Amino acid sequence: MNFLRQLWRGEVALVKTYWIFGVLASFLLNGIVLLLSRSLAGTGAIWPMFVFWFISIIYTLFIAVAIWRSADKYTGRKVWAILAKIMVVLSVLQTVLNVIGS
């Protein structure tokens, strides 16, 4: 639980927050959600699909805040913090469009 708190506060290094949680974990989670949603699409089971998408949205918002805050605290080259924030905006936008399109 302490690690999640550190992640939320932006206290985890930007490189770890972005690549491990923002890219890898998001890719895996959203891939699983997409597969589960597609497998349930023809069954009429709507509630599980909402739950899967809700989890995906909550995770995306959580990690977006974590990356943004970590970028604010980043002491390396400023370009990396700026690019991370641009990717956060694009990621949230993509998630919103995916939910609307589903």
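Would you say residue 85 is within 12 Å of residue 14 (Cβ to Cβ), of a type in the set (D, E, K, R) and over 19 Å from the mean Cα position of the chain (by Cα)?
Values: within 12 Å of residue 14 (Cβ to Cβ): yes; of a type in the set (D, E, K, R): yes; over 19 Å from the mean Cα position of the chain (by Cα): no.
No, not satisfied.
Here are the criteria: (1) of a type in the set (D, E, K, R); (2) part of a helix (DSSP H, G or I); (3) more than 21 Å from residue 93 (Cα to Cα); (4) touching a helix residue (DSSP H, G or I) at 6+ places or on another chain (Cβ under 9 Å). Tell me which single one residue 69 does not satisfy.
Only one criterion in (1) of a type in the set (D, E, K, R); (2) part of a helix (DSSP H, G or I); (3) more than 21 Å from residue 93 (Cα to Cα); (4) touching a helix residue (DSSP H, G or I) at 6+ places or on another chain (Cβ under 9 Å) is unmet by residue 69, namely (3).
Could you identify the single residue in 44, 76, 31 that is at pLDDT below 95, of a type outside the set (Ser, Thr, Tyr) and assigned to a loop (DSSP other than H, G, I, E, B)?
The unique qualifying residue is 44.
Could you list, in sequence order, all residues of the range 70-102 that are closer than 20 Å to residue 6 by Cα, basic (Lys, Arg) and either buried (at least 18 other Cβ atoms within 10 Å of the Cβ) or without any contact (Cβ under 8 Å) to a residue 24 or more places away in the chain (or both)?
The answer is 85, and nothing else.
Does the range 51-60 include one or more residues that are exposed (fewer than 14 other Cβ atoms within 10 Å of the Cβ) and not aliphatic (A, V, I, L, M)?
yes
Among the numbered criteria (1) among the aromatic types (Phe, Trp, Tyr); (2) under 17 Å from residue 98 (Cα atoms); (3) touching a residue at least 12 places away in the same chain (Cβ under 8 Å), which single criterion is violated by residue 18?
Tallying (1) among the aromatic types (Phe, Trp, Tyr); (2) under 17 Å from residue 98 (Cα atoms); (3) touching a residue at least 12 places away in the same chain (Cβ under 8 Å), residue 18 fails exactly one: (2).
The values are calculated or read from the model by the stated rules, or taken from the named source; none is laboratory data. What you are looking at is a predicted structure, and each value in this text was computed from that prediction instead of being measured. Glycine also receives a Cβ, built like all others from the backbone with ideal geometry; neighbour counts cover every protein chain displayed.
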